[in-house]
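The numbers here are math on the coordinates, done by the rules we state, and not lab data. Quantities reported herein were computed from a predicted structural model and do not represent experimental measurements. Don't worry about glycine lacking a Cβ; one is built from the backbone with ideal geometry, like all the others, and counts go over all protein chains shown.
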Ligand code: AMP
């Protein structure tokens, strides 16, 4: 399948070719032709599937053709709502990239920074606006933005907007839009609140589903280390001594935890940055840029801050804490193995997190291989406040066969063939269920090139 076969116009084809994209991804192949006919769309897709281009290309094309057909004045006609600032910036950048030969103008607004430059951008005349809900509502309330001409609306990462408590703001914004419009809703998962929202705002939508959340990205090698909480940062430092970890996005459940991890790594002389909600927008952006440019090897992030982060050739995702929501695990590890590249996902699991691991394995329908031979095997098998554990003597036998609480012997989860040790470890391919894909994109995973925007 070629982009040209999707009915895409030359100025956009040229921009896509300039990015080095050779073939549309499955979601692009499915969604673009439908969106060009003006249909509403319910997209079940996570980041990493190429969904931004799947909605940006048709929006750009429809607006470009309207202008060519004689619409003189620039009007704000397309609105993309997205949960985080990072994602908003990335989406706006994508519109600029794919739209570079269309003459259309995109602006981006989000909270945490002064509003004046954003207001000036709105006033200067734009066609497309990418926004986080809170700041947009704020500007609407101040009457500094008018959505009366919006004919296309995209709700991106709707499930994450729900998690972040934005749904009320989103509904208030939608109430200010003309009812005659094309609406697209993307969500990696479909909790019932989002299904209800989709039902209320989409008219006869077509549904496009790629990478269902119950499948993990097929190219990612997953592994888990059983380790006590107090030893996790020691284990992390140990793993980072391995040159195989070129770049690692380390997930922490809490902001405080993210700071603690980054301090511990800094002390060990590892170039690290942290992004989370307590950091200023500038600090977050500069840490992200340093990471993208390879100036720092490790970026520690909370789930919300990391949402949508797109880093070229991210070699490892490390779950310092396991998420209590299993879908979050899928979102996290999807940061690596993007656009056809393989990646590795390493998880640390302490005693208290074993239930989370069980939920994750149930969701992805894969037993994650356990790395048993490492210097900080789990010693605490009950719920107590853990204290730093002495490092096990090098070469010590793993405690992978351990007594459970009742004192019975319990076999560890079987490691998959190919699982190796922490050092120089190439954890075994999980054999995750293949990603379900519909239509086209046969060259997407194998042959596609990464975007230059990353
Ligand atoms: P997204 O899911 O929109 O965040 O896109 C994930 C990554 O894939 C981004 O780096 C895009 O630049 C890249 N990408 C999108 N479409 C294609 C394509 N057809 N071929 C190669 N890379 C792509």
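Residues 172, 51 in ascending order of nearby Cβ atoms (within 10 Å, fewest first): 172, 51. Taking square-rooted eigenvalues a ≥ b ≥ c of the alpha carbon gyration tensor, is segment 189-274 rounded, prolate or oblate, where a/c under 1.5 means rounded and, failing that, a/b exceeding b/c means prolate? The shape class here is prolate.
Counting other beta carbons within 10 Å of each Cβ, put 365, 127 in order, fewest first. Least crowded to most crowded, the residues run 365, 127. Here the gap between residue 268 and residue 352, fully extended at 0.36 nm per residue and compared with their Cα-Cα distance, gives a gain of 27.6 nm. When each of the peptides 108-117, 154-163 is scored by how many other beta carbons lie within 10 Å of its residues on average, the order from highest to lowest is 154-163, 108-117. Ranked by the mean number of other Cβ atoms within 10 Å of their residues, highest first, the peptides 193-201, 283-291 fall in the order 283-291, 193-201.
Computed over segment 3-209, relative contact order equals 29 percent, with contacts defined as Cα pairs under 8 Å that lie 6+ residues apart. Working from Cα pairs under 8 Å separated by at least six residues, relative contact order for segment 1-105 is 36 percent.
Packing, as the average of other Cβ atoms within 10 Å across residues, places the peptides 62-70, 371-379 in the order 371-379, 62-70, highest first.
Taking a ≥ b ≥ c as the square roots of the eigenvalues of the alpha carbon gyration tensor, segment 56-208 is oblate, as a/c is not under 1.5 and a/b does not beat b/c. FRET efficiency for the pair residue 199 and residue 237, taken as 1/(1 + (r/R0)^6) with r the Cβ-Cβ distance and R0 = 45 Å, rounds to 0.40. To the nearest 0.05, what FRET efficiency results for residue 324 and residue 206 with a Förster distance of 30 Å applied to their C-beta separation? My answer for the efficiency is 0.35. Measuring r between the beta carbons of residue 180 and residue 69 and using R0 = 22 Å, the FRET efficiency lands at 0.80. Fewest-first ordering of 177, 299, 265 by other beta carbons within 10 Å of each residue's beta carbon gives 177, 265, 299.
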